[in-house]
Amino acid sequence: MRLLEAARAEGDCLVVGVNSDASVRRLGKGAERPLVPEAERARVLAALAAVDCVVLFDEDTPLVLIRRLRPDVLVKGADYERDAIVGADDVEGWGGRVVRVPLVKDKSTTNLLTRLRRGE
């Protein structure tokens, strides 16, 4: 929520790109991922006040979506270095900016799964 709220504060509207189930599986996040199917993930995000639009993408990265939408601001979690943010060069190239938002410590699906496996 904090990441989405921070992203929304950076512009006039917030479009969230969501990896399709096939894309998540190709990214090698584990056999049990995604935990929640794409339609449900998109629906939950779309219901949030900070989110104006949700777009599923099937590619391994959101680059095609970013180039199609041409956002003024590209927001990513600060766990990504600037050089690793897909589309950053494009956005800055057309005069936009890239914002890295600090993450909340220990709040991730990967962390949650690790804790569940340990019985916590």
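The values are calculated or read from the model by the stated rules, or taken from the named source; none is laboratory data. Treat the numbers as computed from the prediction; the structure is a model and nothing was measured. Neighbour counts are summed over all protein chains in view; Cβ atoms, including those assigned to glycine, are modelled from backbone coordinates with ideal geometry. Only protein heavy atoms, including side chains, enter the accessible area calculation; ligands, DNA and RNA are left aside. Shrake-Rupley method; radii C 1.70, N 1.55, O 1.52, S 1.80 Å.
In this entry, G87 passes the filter for residues that are modelled with pLDDT of 95 or more, small (G, A, S), within 14 Å of the chain's Cα centre (by Cα) and at positive phi.
Do you know which residues across the stretch 52-99 are of a type in the set (A, V, I, L, M) and over 24 Å from R25 (Cβ atoms)? Give the derivation first.
Within the stretch 52-99, the first condition is being of a type in the set (A, V, I, L, M), and the residues that meet it are 54-56, 63-66, 69, 73-75, 78, 84-86, 88, 91, 98-99.
Of everything in the stretch 52-99, those that are of a type in the set (A, V, I, L, M) and over 24 Å from R25 (Cβ atoms) turn out to be L69, V73, L74, V75, A78, A88, V91, V98, V99.
For residues that are of a type outside the set (D, E, K, R) and either at negative phi or in contact with a Pro (Cβ under 8 Å, 6 or more places away or on another chain) (or both), scanning just the stretch 18-33, find the one that is most open to solvent (accessible area, probe 1.4 Å). Steps first, answer last, please.
From the stretch 18-33, those of a type outside the set (D, E, K, R) are 18-20, 22-24, 27-28, 30-31; that's our starting set.
Next cut, either at negative phi or in contact with a Pro (Cβ under 8 Å, 6 or more places away or on another chain) (or both) only: 18-20, 22-24, 27, 31.
Numbers: V18: 11, N19: 40, S20: 9, A22: 37, S23: 0, V24: 16, L27: 82, A31: 107 Å².
Taking the candidates together, the pick is A31.
The residues on offer are A7, A42, A50, and the sole one that is within 24 Å of V104 (Cα to Cα) and touching a residue at least 60 places away in the same chain (Cβ under 8 Å) is A7. Do the conditions hold for R43, that is, is it open to solvent by 40 Å² or more (accessible area, probe 1.4 Å), closer than 25 Å to A6 by Cα, in a helix (DSSP H, G or I) and of a type outside the set (A, V, I, L, M)? Criteria met by R43. The residues listed here are V54, V36; of these, the one that is surrounded by 13 or more Cβ atoms within 10 Å (Cβ to Cβ) and not in a loop (DSSP other than H, G, I, E, B) is V54.
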